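Asks: Here it is, the structure in full.
The values are calculated or read from the model by the stated rules, or taken from the named source; none is laboratory data. These numbers come from a predicted model, not from an experiment. Counting neighbours? That spans all protein chains shown, and the Cβs are built from the backbone with ideal geometry, glycine included.
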């Protein structure tokens, strides 16, 4: 049974912050802490009291606010065990398959390395929500800054296997630019073309295109669609291993 209220808000320009709140217990968690002032402002707006921060990875634009928020709220900071030495203020280290709790809501830790070596995502099955940091974006994925294509393909495949109705909350809003690139990889994909039109309108009106869903990403995100005959043909990679096809899509996005 769903328990969480989820509040998404922009931070630092193109980051997105997320608060999770269990009204029954009053417990609240933040996904990452890109900016202390903006996170504290969101807490004031909602009237929620912060208990926890769930960190996805060590990059500064996801951790910059940890220490100031922790001083203000006394919250507990949880994050990936394999990046513990890179995250100041970390209290609890988590690994694949372990559980995190926000009040009565339980989430599973999924290790999703590739963007960083120790990146994790948090999946709350009863609430149908996944918080994926910079592993997956709407119609995109994170750069391979500390990993390689097979590693990231494995991580994305874990997320792609979640129920299609799962809401996906990403660390950044890049959807409009991602759609423009995706159309160079799979120009005849009708679902992608419709998504690109919708997203362009949202961008013009200042409306976010997040959260997305796993089902929507499976239909439109070229980084998940290495099995697509159309993509394989477009790239001249028919029948090649999926992680190689993914790697070529990522290479092209890096140069786009």
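Yes or no, residue by residue, for (1) within 20 Å of the chain's Cα centre (by Cα); (2) over 29 Å from residue 17 (Cβ atoms); (3) outside any loop (DSSP other than H, G, I, E, B):
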{"residue": "202", "(1), (2), (3)": "yes, no, yes"}
{"residue": "210", "(1), (2), (3)": "yes, no, no"}
{"residue": "215", "(1), (2), (3)": "yes, no, yes"}
{"residue": "223", "(1), (2), (3)": "yes, no, yes"}
{"residue": "245", "(1), (2), (3)": "no, yes, yes"}
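Asks: Could you tell me whether residue 82 is assigned to a strand (DSSP E or B) and crowded, with 16+ Cβ neighbours inside 10 Å?
Replies: In short, no.
Okay, residues lined up against (1) in contact with a helix residue (DSSP H, G or I) (Cβ under 6 Å, 6 or more places away or on another chain); (2) over 26 Å from residue 22 (Cβ atoms); (3) at pLDDT below 95; (4) crowded, with 18+ Cβ neighbours inside 10 Å:
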residue	(1), (2), (3), (4)
115	no, yes, no, yes
123	no, no, no, yes
130	no, no, no, yes
159	no, no, no, yes
169	no, no, no, yes
182	yes, yes, no, yes
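Asks: Quick one: residue 61 ticks every box in (1) more than 26 Å from residue 178 (Cα to Cα); (2) in a helix (DSSP H, G or I) bar one, so which box is it?
Replies: Tallying (1) more than 26 Å from residue 178 (Cα to Cα); (2) in a helix (DSSP H, G or I), residue 61 fails exactly one: (1).
Asks: Next question, about the same structure. What are the pairs, 6+ residues apart or on separate chains, where a residue within the stretch 194-209 that is in contact (Cβ under 8 Å) with a residue 60 or more places away in the chain has its Cβ under 9 Å from a residue that is exposed (fewer than 15 other Cβ atoms within 10 Å of the Cβ) and part of a helix (DSSP H, G or I)?
Replies: Cβ pairs passing all conditions: 209/198.
Asks: If I ask for residues that are without any contact (Cβ under 8 Å) to a residue 40 or more places away in the chain, surrounded by fewer than 20 Cβ atoms within 10 Å (Cβ to Cβ) and under 19 Å from residue 208 (Cα atoms), which ones from the stretch 10-34 would you list?
Replies: 13
Asks: Which condition from (1) on the phi > 0 side of the Ramachandran plot; (2) surrounded by fewer than 16 Cβ atoms within 10 Å (Cβ to Cβ); (3) in contact (Cβ under 8 Å) with a residue 12 or more places away in the chain is the one that residue 74 breaks?
Replies: (3)
Asks: Let me ask something additional. Does the stretch 136-153 hold any residues that are free of Cβ contacts under 8 Å to residues at least 40 places away in the same chain and either surrounded by 24 or more Cβ atoms within 10 Å (Cβ to Cβ) or closer than 18 Å to residue 217 by Cβ (or both), and which are they?
Replies: Matches in the stretch 136-153: 142 only.
Asks: Here is a follow-up. If we keep just the residues of the stretch 225-242 that are in contact (Cβ under 8 Å) with a residue 40 or more places away in the chain and not in a helix (DSSP H, G or I), which is nearest to residue 174 (Cα to Cα)?
Replies: 226
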